[in-house]
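A.B. asks: Right, I'll just put the structure down here and ask away after.
The values are calculated or read from the model by the stated rules, or taken from the named source; none is laboratory data. Everything quoted here is computed from the prediction, not taken from an experiment. As a convention, Cβ positions derive from the backbone with ideal geometry for all residues, glycine included, and neighbour counts pool all protein chains shown. Remember, those area values only see protein heavy atoms, side chains included, never the ligands or the DNA or RNA. Shrake-Rupley method; radii C 1.70, N 1.55, O 1.52, S 1.80 Å.
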Amino acid sequence: MTLKRPREFALRVLLLLVGLAVAHLGVTLFLQANLGSDPFNVFIQGLFRVIPWPEGLPVTHGRVHMAVSFLIILILLVVDRSYVRIGTLLCMFLGGPIIDVYTILLENIINAQSPLALRIPVLALGCVILAFGMTIVIKLEAGTGPNDLVAVVISDKSGRKFGVIRILVDVGFAAIGFALGGTLGLDTVICAFLVGPTAQVFLPWSEKLCSRVVAWGGERPVN
């Protein structure tokens, strides 16, 4: 969608940042529950463990994550570059710092020492919050994170519902990662089967919200 007015562009970026903040609050709750890894990070963990990295090469889980994200972006630039937008870059570079801030705020409230009866609901809540924030970012059509784009692109190209595709993509990431040596946990299963369907519920609401922001910004539909 073409951005014609500075006010509309500013509002779109502001709402994008809000969506990122919401989504990564969900991610942080997910991580602080400390019950395993999400499907994409199981995949990253598997790659990190199985690839015979050259001795002395400073490879970390985070660096493998970034390398895979760049690879996804490069593939999308070939397949359909319209999906790679400012939001894609913001997700890559702001996600980590946002999670770090939330971690500082939440580390004494929910952590690995918290009762399991608290950590499981927090894990589920984190998945719901992540799904909500993610749908705001998606419906802004300003670009979303590389790993989320995999499900978005497949859903768009196949015409299948995002919720179903998201489950299949997450299960695929988890299965491949596990086969490569990644570790599955309770949150891997909950995330794989909760985020996609929850996002499917939120998508229409987020689309209305984003449309109102665009209209308030002064954009007019082009026939």
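A.B. asks: Go through (1) open to solvent by 40 Å² or more (accessible area, probe 1.4 Å); (2) among the hydroxyl-bearing types (S, T, Y); (3) touching an Asp or Glu at 6+ places or on another chain (Cβ under 9 Å) for Y83 and report which single condition fails.
C.D. replies: Failed condition: (1).
A.B. asks: Within the stretch 93-105, is there a residue that is of a type outside the set (S, T, N, Q) and over 25 Å from I138 (Cβ atoms)?
C.D. replies: Just the residues of the stretch 93-105 that are of a type outside the set (S, T, N, Q), to begin with: 93-102, 104-105.
Subsequent filtering for residues that are over 25 Å from I138 (Cβ atoms) retains 104-105.
Yes, there is a match, as at least one residue in the stretch 93-105 is of a type outside the set (S, T, N, Q) and over 25 Å from I138 (Cβ atoms).
A.B. asks: How about the stretch 84-140: which of its residues are of a type in the set (V, I, T) and closer than 15 Å to G19 by Cα?
C.D. replies: Start the filter on the stretch 84-140 by keeping residues that are of a type in the set (V, I, T), which leaves 84, 86, 88, 98-99, 101, 103-104, 109-110, 120, 122, 128-129, 135-138.
The answer is I86, T88, I98, I99, V128, I129, T135, I136, V137, I138.
A.B. asks: Check G126 against each of (1) touching an Asp or Glu at 6+ places or on another chain (Cβ under 7 Å); (2) under 17 Å from A33 (Cα atoms) and name the one condition it does not meet.
C.D. replies: (1)
A.B. asks: Please identify the pairs in which a residue from the stretch 14-39 that is open to solvent by less than 10 Å² (accessible area, probe 1.4 Å) has its Cβ atom under 7 Å from the Cβ atom of a residue that is of a type in the set (S, T, N, Q), counting only partners at least 6 apart or on another chain.
C.D. replies: If the second residue must be of a type in the set (S, T, N, Q), the pairs left are T28/T103; P39/T188.
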